[in-house]
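Novice: Input: one structure, supplied below.
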Amino acid sequence: MSTGVLASAISIIIVCIGVLGLILKRNLLLKLLSLNIVNTATILFFVLVVYSPGDRAPIDPSPGVQYADPLPQALVLTSIVINFGVLALSLLFTMVLVKRYHTLDLIKIEDFVRREFEEEKS
Amino acid sequence: MGKYSVSLKTLYVIFLVIMFGAFTIGALLIVDDTGVSRLGAIYLERSQKFPNISNVVFGVYGMYRFYDTLFELLIFSTAVLGITVFSDLEPSPGSASRRPVESHVVSASASFLYPIIAVFGIYLAFSAHLGPGGGFAGGVISGTGILLLALAKGAEETARNFREDSMKQLEYVVLFLALLVAILGALYPTEVYRDALGTGVITLVNISIAMKVFIGTWAILHFFVKHRGEV
Amino acid sequence: MTALLVGVGSYVSAGILSLLFSRYRFWFSLLGWAGALTGASFGVSSFLGSGPLVGTLGRWGILGIEIVIDQTTLLFSGLVVILNIFTLVYLRGSKKGVFYCLYNFLLATTFSIAFSHDLFNLYVTIEFMSLVSILLIGYERKAYQIYAGAKYLIISSLAMSLYLIGLGLVYRAGGSLGISELARTVEGGTDLSISLGLCLMLTGLAVKGGVFLFSMWLPDAHSYSDTVVSALLSGMAIKSGLIGIIRVSEMLDWSQLLLVLGALTGIAGAIFALVSRKPKKILAHSTISQVGYILIGIGTGTPAGVLAASLHLFFHGLFKALLFLSVGAAGVGADDIDRARNLSVPLTSKVGLVVGSVSIMAIPPFNKYFSKTMLVEQVNQEWAWFAMLAIGLGTALYTLRLDWALIFEARTDWAGKNDFVVVVFALAVVLSSLLAWVILGSPEMVQLLSLHHLATYLVIPVVGGFALLLFKKKLSEISPPDFPFSLENSLVSLFTGFLLIELVLFVL
Amino acid sequence: MLILFSLLLLGLSVAVLLQNRLLNAVILLGVFSLVSSVIYFWVGAPDVAVTEGAIGVAFVTFIYVLALSDQGKLHVIAEEVPPFLFQEKGELQGAELEILEGFAEKINLELEVEFVGHQELTSLIGGRRADVIAGAYFPGFLAQEEISHSKGYNQGQLAKIHRTPPGEGDIGILAETDLSEFTEISEEDLSRFSSVDEMVTAYNEGRIRGFISDSGRMSASLYRVNTTLRDKSEIVTLGELDYSFAVSSGEEELLDRLNDYLADLTRSGKIGELLSDHFR
């Protein structure tokens, strides 16, 4: 088994830990942090899964030298930005919710939200 | 009973996540990927055809798949737009009073450090097709550098110096440019990327992306500075 | 290629321009629509000229982004264009420039998804779609909208991470991102390795596509948001996930899995729709239920089945948007249907509701009849056929319950908020069944109009009506549970769904 | 080497999720991104490393830190109860204020007091929007498992006022107050109110036959509503209680320091002076 595969298996474990945090933590901000971990580990996985030891950076390639696969790297640049967009917007929404309910506890927020929705329409 | 059912649920969640992990790692280990020919090799091979683009990664996202990069830019713009839509949110009374500490040392070192950071960011954007970097990273680095200024001199004053409103319009002009390059690059690939202006088009696109990301970064940071400490 | 570039280019420019010059936002959006219409008609003419076409953007060969023009593409891009014009006229100038910008961006990305035949391009466009959607959901900044948006954002971001992991596995084993390239590799024999990665991708797409157990975010997001937004999200945004599933299933034969998921989705959605009490909630759950049909269609695995699924996707987009607009125009989306006597519904909305309801119940001359009969013709398994019957009965029940409240019990508001866009839209929905003639040609149509199909679809609503009369009292005592739709439980059910996929894959 | 770094990343991800203080978690997340950025350099992906460094390490961490509440303050939330902690002509006053000011100075934080309704206390402290609950808090005041309370600084009584003869009606009590330590009045007889003022009004209007509260809150309320109790009333002392402070149960460190400070005050005798100044 190559180091690349082993390292990407570890990044899958990190994804699992992030998912556990995402589900089990009640604090909304900790949920966002867990999501961040999941996303970062996913990107790491995507880069590592095609890595083989001795890869060089794919800059100014010359024949006969082993280079890292440039395609996943290029794709991952896009998804880093996407994850940033997700983070910025979810933090913004969290901010609005906290301003409204003064709590980060998701179960309480859900309770408040349902009550408010019922009250507004009745 | 309440406690018991909660822990049962936690166990179930752990079971599910373990199943997920086992599945994925299994899928990873089961596959023997020796001898699979991937697209990456072809990209490396073809890079000889475009001698002015020595960074193959840039070749992929700046040329072959620029359409995806257009959407990446749109996503960033949308995030900035979302922040802008909510920027008339009233800051809560406590946070407005928290003025940044105005110390001469901080202020002086910020105005000394900032140009260095900005030059580094611009360098990254200019040389994206030659080495690591890219318009995006360059823009973010220059944009984050302003945070120093904002903290030292006050966010509002910095915002005034940057004329935020007209800057935002510039951001969308850049988006137009990217759209144009994406469309023309798809219709007349060789003309745009090699013959027409050589490296010119690519550098121009990179610099404008950096510019746009710089403005967006500042807009986001300004929002969060204004609403400091609210979570 | 021109079709895609013209459409996306005009939508994106319309979005930017209506933000920069927000005085003329309506006119810019109209221009964007005209551009997209041109693009879509380029697509149609190319299809008529040379049949289904797979090409790459920028003539880079396999190095570029693969795009496709086939019937699914045309139907979905047509859906985008049609929903665009009606929602645009419905909106008129009622929102700010920012809303129009987001609106056009949403249209741009869904238009692009129709053509996409590249796994990473699908990822990027779908992510963009969900980012724009959550801003539209939370646009009015009510706390519950913000909450629904945040829930959607978190779940979908996780889902797309799963998609990316799957993509990594697929790229490692298959060495390519273009779907037709990969399909060629799969034929070469590395079947298992790719299929495991594709399972993860399927999970990600199912979260976007409104599949039960995967998209528990959907009812809140679709029922808490503004009328036009609900119509667009239910009518076309979730369809992008289904388009993704259609494209991905070109590579593998997943019939068993998709049939199971389809039947589950259809029946569970119908049950939840039946016990819900608010019109918008009912419609949102009904969307989930209808996704079941589409999955069953993809699950048949035959080209005709996929065509039926695409056609159903198109028709569902139309009549669901019509229902959302009718309910929204009357302003009764969040009221309790058991207290409908106090409500007043304008005549135009009632017309829209009638047309939408007969369409959703698949009454013969209306559009859904054709797609559903095509589906039934394609399904071989007996149990899947019974599942479809159950979904049909459930659909009839909740539709009639909604109609009873909003059409018969509610007062008719003759003077007030009549909105004739709804009526024109209803007319368009009625006329859309002609499209089935165009696509299928007359011999197949005659087959679809055979007697036993006609009888079945007339009998189901009648049975449903009787059942409703019997159980109406009982139904009004039930209130739908909220707990499956909280963020935590939606995440749990997502992974439960993943477990289900694993089980179906390894056991069956 | 790569494996080592990956394992470090694994450890960091666990560490992020085990943090109690959000700021620490955010900073660890920044470190997490930094390590992943180093890995990208290692595997020949400098483009990704630079972008991850710019966005993941710098930008995201900045945004989180900006969004998080200022950690340099001791946020105190309190119900306004003179003479414990109250506002007069825009100035904070009270015995608790002096204690808390001293404490905040000792641990180098700036004191910030926010008066809130009594039902918001739990959610604010549970959501970590505040550090300390004050304002005549006593153990049992909030039926909440997530709160730990400090040592007491002052004695008080839990008292019941009721009509003689009792007559019809429920016993009034503050919402969320947990009485199980003091009395055995069953839940059915209780009706819950959101403030003592409301209970006094309800009592005078004859809607309830009596009410239970702590002595401090009761006298403050009678003083504020400026009324006497209408019927002939009897006051029964149900038990002794200790007025104290409360912190969120995760904040063991803060609680220890607060207890130490209170113990210091008692030892030096300052607490006695302070109380006799405020409770005449």
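Novice: Spin-label point model (7 Å from Cα, Cβ direction): what's the C:LEU192 to C:GLU382 distance in nm?
Specialist: With each label placed 7 Å out from Cα toward Cβ, I get 3.3 nm.
Novice: Could you list which residues have their amide H under 5 Å from that of D:GLY210, counting only those 5 or more apart in sequence or on another chain, with H placed in the peptide plane?
Specialist: Long-range HN contacts for D:GLY210: D:GLY172.
Novice: Also, I was wondering about something else. Give, as a single signed number, the net charge of other residues whose beta carbon lies under 15 Å from the beta carbon of C:GLY15, with Lys and Arg counted +1 and Asp and Glu -1. Don't skip to the answer; put the middle values down first.
Specialist: Details: positive: B:LYS168, C:ARG25, C:LYS95, C:LYS96; negative: B:GLU171.
Overall, the nearby charge balance is +3.
Novice: Taking the Cβ of B:TYR67 as the centre, find all other residues whose Cβ is under 15 Å away and add up their charges (Lys, Arg: +1; Asp, Glu: -1). Could the numbers behind the result be given before it?
Specialist: On the way: positive: B:ARG65, C:ARG59; negative: B:ASP68, B:GLU72, C:GLU66, C:ASP118, C:GLU127.
Neighbourhood net charge equals -3.
Novice: Continuing with this model, one more query. Give me C:PHE506, C:PHE370 ranked fewest to most by other Cβ atoms within 10 Å of their Cβ, as a rough exposure proxy.
Specialist: Values: C:PHE506 8, C:PHE370 28.
Going from least to most buried by this count: C:PHE506, C:PHE370.
Novice: So for the stretch D:2-68, considering every pair of alpha-carbon atoms, how many percent are separated by more than 21 Å? Please list the in-between numbers first.
Specialist: On the way: 533 of 2211 pairs.
Summing the P(r) tail past 21 Å for the stretch D:2-68 gives 24 percent.
Novice: On to the next question. Percent relative contact order of the stretch D:155-241, based on C-alpha pairs within less than 8 angstrom and at least six residues apart?
Specialist: Details: 138 pairs, mean separation 45.5, N = 87.
Value for the stretch D:155-241: 52 percent.
Novice: How much of the pair distance distribution for the stretch A:34-97 lies past 20 Å, counting alpha-carbon pairs only, in percent? It would help to have the intermediate numbers written out before the result.
Specialist: Details: 865 of 2016 pairs.
Tail of P(r) above 20 Å: 43 percent of Cα pairs.
Novice: What angle do you read, to the nearest 10 degrees and between 0 and 90, between the alpha-carbon axis of helix A:70-101 and the longest principal axis of chain A?
Specialist: Tilt of helix A:70-101: around 10 degrees.
Novice: From the backbone phi of the stretch C:421-438, what are the Karplus-calculated ³J(HN,Hα) couplings (6.51 cos²θ - 1.76 cosθ + 1.60, θ = phi - 60°) in whole Hz, Gly and Pro given as x?
Specialist: Rounded to whole hertz, the list is 4, 4, 5, 4, 4, 4, 4, 4, 5, 4, 5, 4, 5, 4, 4, 4, 4, 4.
Novice: Further question on the same structure: With r as the distance between the Cβ atoms of C:PHE483 and C:SER344 and R0 = 41 Å, compute the FRET efficiency 1/(1 + (r/R0)^6) and round to 0.05.
Specialist: With R0 = 41 Å, the Cβ-Cβ based efficiency is 0.75.
Novice: Take the residue pairs A:LYS31/A:LYS99; A:LYS108/D:LYS106; B:LYS226/C:LYS281 and return only those whose Cα atoms are more than 26 Å apart.
Specialist: Numbers: A:LYS31/A:LYS99 18 Å; A:LYS108/D:LYS106 34 Å; B:LYS226/C:LYS281 37 Å.
A:LYS108/D:LYS106; B:LYS226/C:LYS281, as the Cα separations exceed 26 Å there.
Novice: Residue by residue through the stretch D:37-44, what is 3J(HN,Hα) from phi via Karplus (6.51 cos²θ - 1.76 cosθ + 1.60, θ = phi - 60°)? Round to whole Hz and write x for glycine and proline.
Specialist: Once rounded to whole Hz, the list reads 5, 4, 4, 4, 4, 4, 8, x.
Novice: Which residues' amide hydrogens lie under 5 Å from the amide hydrogen of D:ALA134, considering only partners 5 or more residues apart or on another chain, with H built in the peptide plane?
Specialist: Amide H to amide H, under 5 Å and 5 or more residues apart or across chains, D:ALA134 pairs with D:ILE77, D:ALA78, D:GLU79.
Novice: Could you tell me the ratio Rg/Rh of the stretch C:1-153? Both radii from Cα atoms, Rh via Kirkwood. Let's see the in-between values first.
Specialist: Details: Rg = 16.0 Å, Rh = 16.0 Å.
With Rg and the Kirkwood Rh in hand, the quotient comes to 1.00.
Novice: For the stretch C:347-497, what is the Kirkwood estimate of the hydrodynamic radius, computed as the reciprocal of the mean inverse distance between distinct Cα atoms, to one decimal in Å?
Specialist: Values: mean 1/r = 0.0557 Å⁻¹.
Taking the inverse mean of 1/r over all distinct Cα pairs, the stretch C:347-497 comes out at 17.9 Å.
Novice: Sticking with this one: Nearest 20 debye, what's the magnitude of the dipole of the stretch C:362-464 about its Cα centre given +1 on Lys and Arg Cβ and -1 on Asp and Glu Cβ? Working shown, then result.
Specialist: Details: 5 positive and 7 negative charges, 27 e Å.
I would put it at about 120 debye.
Novice: Kindly identify the stretch A:15-68 as rounded, prolate or oblate by the Cα gyration tensor criterion: order the square roots of the eigenvalues as a ≥ b ≥ c, call it rounded if a/c is under 1.5, otherwise compare a/b with b/c, prolate if a/b is larger, else oblate.
Specialist: On the way: a/c = 7.51, a/b = 3.76, b/c = 2.00.
Judged from the Cα gyration tensor, the stretch A:15-68 comes out prolate (a/c at least 1.5, a/b above b/c).
Novice: Another one. Answer with one residue from D:PHE84, D:VAL132, D:LEU111: the one whose Cα lies farthest towards the positive end of the charge dipole of chain D, charges on Cβ with Lys, Arg +1 and Asp, Glu -1.
Specialist: D:LEU111
Novice: While we're looking at this one, here's another question. Report the net charge of residues surrounding C:LEU475, where surrounding means a beta-carbon distance below 10 angstrom and charges are Lys +1, Arg +1, Asp -1, Glu -1.
Specialist: Values: positive: C:ARG277, C:ARG401, C:LYS472, C:LYS473, C:LYS474; negative: C:ASP338, C:GLU477.
For residues surrounding C:LEU475, the net value is +3.
Novice: How big is chain C by the Kirkwood estimate over distinct Cα pairs, in Å?
Specialist: Details: mean 1/r = 0.0441 Å⁻¹.
Mean inverse Cα-Cα distance, inverted, gives 22.7 Å.
Novice: Tell me which of C:LEU307, C:ALA206, C:TRP404 sits at the most positive position along the dipole axis of the stretch C:133-507, charges placed on C-beta atoms (Lys, Arg +1; Asp, Glu -1).
Specialist: With unit charges placed on the Cβ atoms, the residue in question is C:TRP404.
Novice: Please state the charge dipole magnitude for the protein assembly as shown, taken about the Cα centre, from unit charges on C-beta atoms (+1 on K and R, -1 on D and E), reported in debye and rounded to the nearest 20.
Specialist: Working: 76 positive and 95 negative charges, 605 e Å.
About 2900 debye.
Novice: Considering the options B:PRO51, C:GLY497, C:GLY61, tell which one lies farthest towards the positive end of the dipole of the protein assembly as shown, charges being +1 on Lys and Arg and -1 on Asp and Glu at the Cβ, about the Cα centre.
Specialist: Toward the positive end, the furthest listed residue is C:GLY61.
Novice: Can you give the alpha-carbon Rg of the protein assembly as shown over 2.2 N^0.38 Å, where N counts its residues? Could the numbers behind the result be given before it?
Specialist: Numbers: Rg = 31.7 Å, N = 1141, 2.2 N^0.38 = 31.9 Å.
After normalising by residue count via 2.2 N^0.38 Å, the value is 0.99.
Novice: Note down the magnitude of the dipole of the stretch D:6-139 about its Cα centre, charges +1 on Lys and Arg C-beta and -1 on Asp and Glu C-beta and zero elsewhere, to the nearest 20 debye.
Specialist: On the way: 6 positive and 16 negative charges, 136 e Å.
The calculation lands at about 660 debye.
Novice: When chain A is modelled as a GNM with alpha-carbon springs shorter than 10 Å, which of A:VAL76, A:VAL65, A:VAL47 fluctuates the most?
Specialist: Greatest mean-square fluctuation among the candidates belongs to A:VAL65.
Novice: Rounded, prolate or oblate: which fits the stretch D:155-241 when a ≥ b ≥ c are the square roots of the eigenvalues of the alpha-carbon gyration tensor, with rounded for a/c under 1.5 and prolate only if a/b beats b/c?
Specialist: Values: a/c = 1.40, a/b = 1.11, b/c = 1.25.
Taking the square roots of the gyration eigenvalues as a ≥ b ≥ c, the stretch D:155-241 is rounded.
Novice: Once you put a point 7 Å from the Cα of C:LEU389 and another 7 Å from the Cα of B:GLN169, both along the Cβ direction, what distance in nm separates them?
Specialist: The answer from the label model is 6.7 nm.
Novice: Rounded to the nearest 0.05, what FRET efficiency do B:LEU8 and C:PHE506 give with R0 = 25 Å and r taken as the Cβ-Cβ distance? Could you check?
Specialist: The calculated FRET efficiency here is 0.50.
Novice: Separate question: If you bin the C-alpha pair distances of the stretch C:247-380 every 5 Å from 0, what whole percents do you get?
Specialist: Going from the shortest bin to the longest, the percentages are 2, 11, 18, 21, 18, 12, 9, 5, 3, 1, 0.
Novice: Quick check: pseudo-label points 7 Å beyond the Cα along Cα→Cβ at D:ASP260 and C:LEU53, how many nm apart are they?
Specialist: 7.7 nm
Novice: While we're here: Mind pulling the per residue volume of the convex hull built on the Cα atoms of the stretch C:106-212? Å³ is fine. Don't skip to the end; give the middle numbers.
Specialist: Working: hull volume 9.4 nm³, N = 107.
Per-residue hull volume (Cα only) is 88 Å³.
Novice: Among D:PHE211, D:PHE103, D:PHE62, which one shows the highest mean-square fluctuation when chain D is modelled as a Gaussian network with alpha-carbon springs under 10 Å?
Specialist: D:PHE62
Novice: With r as the distance between the Cβ atoms of C:LEU475 and C:ALA304 and R0 = 41 Å, compute the FRET efficiency 1/(1 + (r/R0)^6) and round to 0.05. Before the final figure, lay out each step's value.
Specialist: Numbers: r = 37 Å, r/R0 = 0.91.
The pair C:ALA304/C:LEU475 has a calculated efficiency of 0.65.
Novice: Take every DSSP beta bridge whose two residues both sit in the protein assembly as shown, then give the antiparallel share in percent to the nearest 5. Before the final figure, lay out the partial values.
Specialist: Working: 33 of 53 bridges.
Within the protein assembly as shown, antiparallel bridges account for around 60 percent of the total.
Novice: For chain D, count all C-alpha to C-alpha pairs, find those more than 37 Å apart, and express that count as a whole percent of the total. Intermediate values should be presented prior to the final figure.
Specialist: Values: 12559 of 39060 pairs.
Here the long-distance tail beyond 37 Å is 32 percent of all Cα pairs in chain D.
Novice: Put one equal scatterer on each alpha carbon of the stretch A:1-42, apply the Debye formula with no solvent term, and list log10 I(q)/I(0) at q = 0.22, 0.30, 0.32 1/Å to two decimals.
Specialist: Taken in order of the listed q values, log10 I(q)/I(0) reads -0.62, -0.90, -0.97.
Novice: Same structure again: Using only C-alpha positions, report the orientation-averaged shadow area of the convex hull of the stretch B:53-226, nm², one decimal.
Specialist: Details: hull surface 41.5 nm².
So the mean shadow area of the Cα hull is 10.4 nm².
Novice: Another question, then. Over what distance in Å are the Cα centres of the stretch A:73-114 and the stretch A:3-55 separated?
Specialist: So the two Cα centres are separated by 19 Å.
Novice: Rounded if a/c is under 1.5, else prolate if a/b is larger than b/c, else oblate: which is chain A, with a ≥ b ≥ c the root eigenvalues of its Cα gyration tensor?
Specialist: Values: a/c = 4.81, a/b = 2.63, b/c = 1.83.
Cα axes put chain A in the prolate bin.
Taken together, the values in this text are just the output of simple stated rules run on the coordinates, not laboratory data. Quick caveat, the model's predicted, so the values are computed rather than measured. Because the Cβ atoms are built from the backbone with ideal geometry, glycine has one as well, and the counts that use them run over all protein chains shown.
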